[in-house]
Amino acid sequence: MKVTSVFLLSALALLSLSGKTRANTMLQRQANCNLKVNGCNKIYNPICGSDGITYANECLLCLENKKRQTSILVEKSGPC
């Protein structure tokens, strides 16, 4: 009985950890960039980038990607 409960608890722990890993990778997405214009509006709508930096809005994240020639993803809406 003790061995069975230890096995079930271990399996439950592994399943919960694997679920969190998959959920985090699914949250990242490409920024919605329309860079025909060289500037961004000043509306504060914070975005957390995959680099751990909070950008004031998605357009500023796009400009940073263009400037650095990188591919920073949107980690989540809101500050990091």
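The values are calculated or read from the model by the stated rules, or taken from the named source; none is laboratory data. Just so it is clear, the model here is predicted, and its values are computed rather than measured. With ideal geometry, Cβ positions are generated from the backbone for all residues, glycine too; neighbour counts draw on all protein chains shown. Side chains included, ligands, DNA and RNA excluded: accessible areas come from the protein's heavy atoms. Shrake-Rupley method; radii C 1.70, N 1.55, O 1.52, S 1.80 Å.
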Checked pairs for the range 60-73, first over 21 Å from residue 44 (Cβ atoms), second open to solvent by 70 Å² or more (accessible area, probe 1.4 Å) and not hydroxyl-bearing (Ser, Thr, Tyr), C-beta under 7 Å and 6 or more apart or across chains, list as none
Of the residues in the range 51-80 that are hydroxyl-bearing (Ser, Thr, Tyr) and surrounded by fewer than 18 Cβ atoms within 10 Å (Cβ to Cβ), the one that is nearest to the chain's Cα centre (by Cα) is 77
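Among the residues of the range 40-50, how many are in a loop (DSSP other than H, G, I, E, B) and either open to solvent by 50 Å² or more (accessible area, probe 1.4 Å) or touching a helix residue (DSSP H, G or I) at 6+ places or on another chain (Cβ under 8 Å) (or both)?
The first filter runs over the range 40-50 and keeps only residues in a loop (DSSP other than H, G, I, E, B), leaving 40-46, 50.
From what is left, the residues that are either open to solvent by 50 Å² or more (accessible area, probe 1.4 Å) or touching a helix residue (DSSP H, G or I) at 6+ places or on another chain (Cβ under 8 Å) (or both) are 40-45, 50.
Matching residues across the range 40-50 total 7.
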